[in-house]
Amino acid sequence: MKTLITNATVLTMNPEYEVFEKGFILFENDRILAVGPTEEQPSAGYDHMLDGKNAIAMPGMVNTHTHIGMIPFRSLGDDTPDRLRRFLFPLEKACMTKDLAYHSGKYAIAEMQLAGVTTFMDMYYFEDELAQATDEMKARAILGETVIDFATCDTTEAHGGLAYAEIFIPKWLGHNLITPAIAPHAPNTNSPQALRRAADIAEKYGVPLTLHLSEMDYEIRHFQEKYGKTPVAFLNDLSILNKRLIAAHCIHVTPEDITLLQQNEVAVAHCIGANTKSAKGVAPVKAMLEAGIRVGLGTDGPSSGNTLDLFTQMRMFANFHKTHLQDRGAFPAREIVRLATMGGAEVLGLADKIGSLEPGKKADIVLVETESANMFPIFDPYAVLVYSANAGNVSEVFINGAPIVKDKRLVAQNLNALRTALASEMQEFTKQAKANEKKPVL
Ligand SMILES: [Zn+2]
């Protein structure tokens, strides 16, 4: 089936940053056939036409780091310093179940789709159930089963996740939209042997490897005291730095670390919202990009980043990096939109399929309406997306050519039903969370 989107400002995000102020997009099934100015628009030969009503058309956004199973944790203990020990670890251990992860996953994906995120990379437990949720929501994703140095909510293995991943990865390999992966939690929460085994599993199946890296100040101290080196140098010595590695955060990296990441073609998922909310710092993204490192934006999980949309991240990226560099000209808006689209696609190794609106690419397309009060006037569509638009302006979303959001509503899903299902699974979790709120400071 051929679909024609007309009457839109098309931001192609191709290497030339081509923009068609009055433009069209033609796609057939899952593939984009043509993009161009209205004068070149086909007058026949399509099955369906969608009037863009002066919307901004952009490639589907790519969230390079999140934890979709963690919706229940949102707004829980946000400002408490002992949040990890008071809420996250005990509640994950006591209350996180297959069903809770699954319903959280569906809800999180709905939130992303309504915000124009068409592809995401996840790291959590119960990735098999999360893959099921992703499949049902028709989202594009890379899903990494967490590996960590203790038994977890989804496995009784002494070293959680390794055996699980060996079953999970082959099960989902070859799926149209889902790429299974493996996700050691962090260098300091895994033994060197487990890190090596995880990297070997990624190698064996040819799938991505992702982990949190150089995120915590105590992580840096741990490696300095134990090995006299940075976590990045430590991973380099373990031969774990390579092109399939997607490292989240990389806040506390040295110039030598940046060189190692670049030489080994490691990609970085930058989560400015989560990093600054937790007062950890601003990662040196300018230096990373100048070194030629692939960088994309990530929301982190709903407990650390709270919302799963990239409009929030783009805005915070601009504010924090400009302030950090003391330069209002740093990172013009179109570079930030690039990080949220093509940059993310490059990070996930999907740049040949998604990230830009070009013939031959997958039809992952987002329309951002311009009828709302905050969307007028438009001198620069990139600036509008970064500085004034929000997730509520996303009106239409296609993933792999399938209509996912229409007139700001999910096409095949009901958000209220997803919420009701999640809320009913959350009863035990909520009871426990409220009990933990009352505990003395840990
Ligand atoms: Zn994370």
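Residue pairs whose Cβ atoms lie under 8 Å apart, sitting 6 or more positions apart in sequence or on different chains, and linking a residue in the stretch 208-220 that is more than 13 Å from D300 (Cβ to Cβ) to a partner that is hydroxyl-bearing (S, T, Y) and within 15 Å of the ligand (Cβ to nearest atom), are I220/S214. Could you list, in sequence order, the residues of the stretch 235-266 that are within 21 Å of D122 (Cβ to Cβ) and within 16 Å of the ligand (Cβ to nearest atom)? Passing the criteria: L245, I246, A247, A248, H249, C250, I251. Residues in the stretch 326-356 that are open to solvent by 20 Å² or more (accessible area, probe 1.4 Å), farther than 18 Å from V266 by Cα and in contact with a strand residue (DSSP E or B) (Cβ under 9 Å, 6 or more places away or on another chain): R334, K353. On inspection, N374 qualifies as closer than 25 Å to A8 by Cα and either within 16 Å of the ligand (Cβ to nearest atom) or open to solvent by 10 Å² or more (accessible area, probe 1.4 Å) (or both). When restricted to residues that are farther than 16 Å from G355 by Cβ and either part of a loop (DSSP other than H, G, I, E, B) or of a type in the set (S, T, Y) (or both), the stretch 1-21 contains 4. Against the numbered list (1) more than 14 Å from the ligand (Cβ to nearest atom); (2) open to solvent by 10 Å² or more (accessible area, probe 1.4 Å), V295 comes up short only at (2).
Taken over the stretch 25-47, the criterion of being free of Cβ contacts under 8 Å to residues at least 40 places away in the same chain and open to solvent by 10 Å² or more (accessible area, probe 1.4 Å) is satisfied by L26, P37, T38, E39, E40, Q41, P42, S43, A44. Tallying residues that are at negative phi, open to solvent by less than 10 Å² (accessible area, probe 1.4 Å) and within 16 Å of the ligand (Cβ to nearest atom) within the stretch 199-214 yields 4. Of all residues in the stretch 51-76, those that are assigned to a loop (DSSP other than H, G, I, E, B) and in contact with a Ser or Thr (Cβ under 8 Å, 6 or more places away or on another chain) total 4. Exactly one residue out of D79, D99 is in a loop (DSSP other than H, G, I, E, B), surrounded by fewer than 20 Cβ atoms within 10 Å (Cβ to Cβ) and away from the ligand (no atom under 16 Å from the Cβ): that is D79. K322 meets the stated requirement of being of a type in the set (D, E, K, R) and at pLDDT 95 or above. Might you let me know whether the stretch 215-228 holds any residue that is surrounded by fewer than 23 Cβ atoms within 10 Å (Cβ to Cβ), in a loop (DSSP other than H, G, I, E, B), within 16 Å of the ligand (Cβ to nearest atom) and aliphatic (A, V, I, L, M)? Looking through the stretch 215-228, at least one residue is surrounded by fewer than 23 Cβ atoms within 10 Å (Cβ to Cβ), in a loop (DSSP other than H, G, I, E, B), within 16 Å of the ligand (Cβ to nearest atom) and aliphatic (A, V, I, L, M).
Summed over the stretch 245-277, the residues that are surrounded by fewer than 20 Cβ atoms within 10 Å (Cβ to Cβ) and either modelled with pLDDT under 95 or in a loop (DSSP other than H, G, I, E, B) (or both) give a count of 4. From the list G60, G116, the lone residue that is on the phi > 0 side of the Ramachandran plot and open to solvent by less than 10 Å² (accessible area, probe 1.4 Å) is G116.
Can we say D149 is more than 14 Å from the ligand (Cβ to nearest atom), on the phi < 0 side of the Ramachandran plot, in contact with a His (Cβ under 9 Å, 6 or more places away or on another chain) and of a type in the set (D, E, K, R)? Yes, satisfied.
Taking the stretch 399-442 as the range and being open to solvent by less than 70 Å² (accessible area, probe 1.4 Å), in contact (Cβ under 8 Å) with a residue 40 or more places away in the chain and aliphatic (A, V, I, L, M) as the test, the residues that pass are I399, A402, I404, V405, L410, L415, L418, A421, L422, M426, A433.
Of A108, A163, all but one fail to be out of contact with any Lys or Arg (no Cβ under 9 Å at 6 or more places or on another chain), assigned by TED's automatic domain parsing to the domain that holds E219 and open to solvent by less than 10 Å² (accessible area, probe 1.4 Å); the exception is A108.
Starting from the stretch 239-256, take each residue that is more than 22 Å from D217 (Cα to Cα) and list its partners that are within 16 Å of the ligand (Cβ to nearest atom) and open to solvent by 10 Å² or more (accessible area, probe 1.4 Å), counting only C-beta distances under 8 angstrom and pairs at least six apart or across chains. From residues that are more than 22 Å from D217 (Cα to Cα), the pairs are R244/P208. Checking each residue of the stretch 357-371 against the condition of being open to solvent by 60 Å² or more (accessible area, probe 1.4 Å) and under 20 Å from the mean Cα position of the chain (by Cα) gives no match.
Per the conditions (1) within 27 Å of D122 (Cβ to Cβ); (2) assigned by TED's automatic domain parsing to the domain that holds G116, the sole criterion not satisfied by R419 is (2).
Would you confirm whether any residue within the stretch 7-15 is hydroxyl-bearing (S, T, Y) and surrounded by fewer than 17 Cβ atoms within 10 Å (Cβ to Cβ)? No, the stretch 7-15 contains no residue that is hydroxyl-bearing (S, T, Y) and surrounded by fewer than 17 Cβ atoms within 10 Å (Cβ to Cβ). Filtering the stretch 279-288 to residues that are surrounded by fewer than 17 Cβ atoms within 10 Å (Cβ to Cβ) and either within 11 Å of the ligand (Cβ to nearest atom) or not in a loop (DSSP other than H, G, I, E, B) (or both) leaves K286, A287.
The values are calculated or read from the model by the stated rules, or taken from the named source; none is laboratory data. Note that the structure is predicted; figures quoted are calculated from it, not measured. Here the Cβ is made from the backbone with ideal geometry for all residues, glycine too, and neighbour counts use every protein chain on show. SASA here: full protein model, heavy atoms, side chains in, ligands and nucleic acids out. Shrake-Rupley method; radii C 1.70, N 1.55, O 1.52, S 1.80 Å.
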